[in-house]
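The values are calculated or read from the model by the stated rules, or taken from the named source; none is laboratory data. Bear in mind the structure is a predicted one, so any value in this text is a computation, not a measurement. Cβ atoms come from the backbone with ideal geometry, glycine included; neighbour counts cover every protein chain shown. The area values use the complete protein model at the heavy-atom level, side chains included, leaving out ligands, DNA and RNA. Shrake-Rupley method; radii C 1.70, N 1.55, O 1.52, S 1.80 Å.
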Amino acid sequence: METVDLFILLAGVCSIAFAFLLYKKIAQIVIPGKDGKAYGTVTEYSDEMGKLSEIYDLITNGAKSFLFAEYKICLIFVIGFAAVIFVLITVGSSMKYGALTATAFVLGALTSMAAGYLGMMIAVFSNARCTVGACSPTVGWTESFNTAFRAGGVMGFSLTGIALLSLYTLMILLK
């Protein structure tokens, strides 16, 4: 294994590890009413926080349902279009290149779907926590902004790490 291979692998793993650390930092913000816990100075379980918890649960379920329905259609498209790519490349070149091109397409599509899932889930996860942060009378908007910024970092770093590792894997397969 060459130095550049180690660098690529290390960069991908570090990116995913940093995204996980940002996620854990966001997860420290507890939505009041969930398990009877409170966050910072938002200590009272008010009707508003109860509604926040309820809405958070509904949005989480809705996002998962939406992604499940969307990805069923995406998988049908990916499989169908991979077959078209395989046939067209095989006719124009060889079966080997057709299979490799179709594999690259499928890997890219699965990477994109993973990024979409992560993005949707971290957005839903962090939105309620941004609201909790904004409700705090002492840290207020600062905590809310930091939570949103960290959530964007989770998406950015995890996508970068996943993309690096899947492209590296693809390069090894195509070698």
Scanning the range 142-167 residue by residue, the ones that are within 30 Å of LYS96 (Cβ to Cβ) and open to solvent by 70 Å² or more (accessible area, probe 1.4 Å) total 1
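Conditions (1) at pLDDT below 95; (2) touching a Cys at 6+ places or on another chain (Cβ under 8 Å); (3) polar (S, T, N, Q); (4) surrounded by 13 or more Cβ atoms within 10 Å (Cβ to Cβ), marked per residue:
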{"position": "THR3", "(1), (2), (3), (4)": "yes, no, yes, no"}
{"position": "SER15", "(1), (2), (3), (4)": "no, no, yes, yes"}
{"position": "LEU22", "(1), (2), (3), (4)": "no, no, no, yes"}
{"position": "ALA27", "(1), (2), (3), (4)": "yes, no, no, no"}
{"position": "VAL30", "(1), (2), (3), (4)": "yes, no, no, yes"}
{"position": "GLY36", "(1), (2), (3), (4)": "yes, no, no, no"}
{"position": "THR41", "(1), (2), (3), (4)": "yes, no, yes, no"}
{"position": "GLU44", "(1), (2), (3), (4)": "yes, no, no, no"}
{"position": "LYS51", "(1), (2), (3), (4)": "yes, no, no, no"}
Look at GLY80 and say whether it is surrounded by 12 or more Cβ atoms within 10 Å (Cβ to Cβ), in a helix (DSSP H, G or I), free of Cβ contacts under 8 Å to residues at least 60 places away in the same chain and of a type in the set (Gly, Ala, Ser). no
Would you say LEU170 is open to solvent by less than 50 Å² (accessible area, probe 1.4 Å) and at negative phi? yes
Would you please name the residue that is surrounded by the fewest Cβ atoms within 10 Å (Cβ to Cβ), looking only at residues in the range 90-141 that are among the β-branched types (Val, Ile, Thr) and at pLDDT below 90? THR138
Residues being farther than 21 Å from ALA115 by Cβ and in a helix (DSSP H, G or I): count how many of those fall in the range 131-156. 12
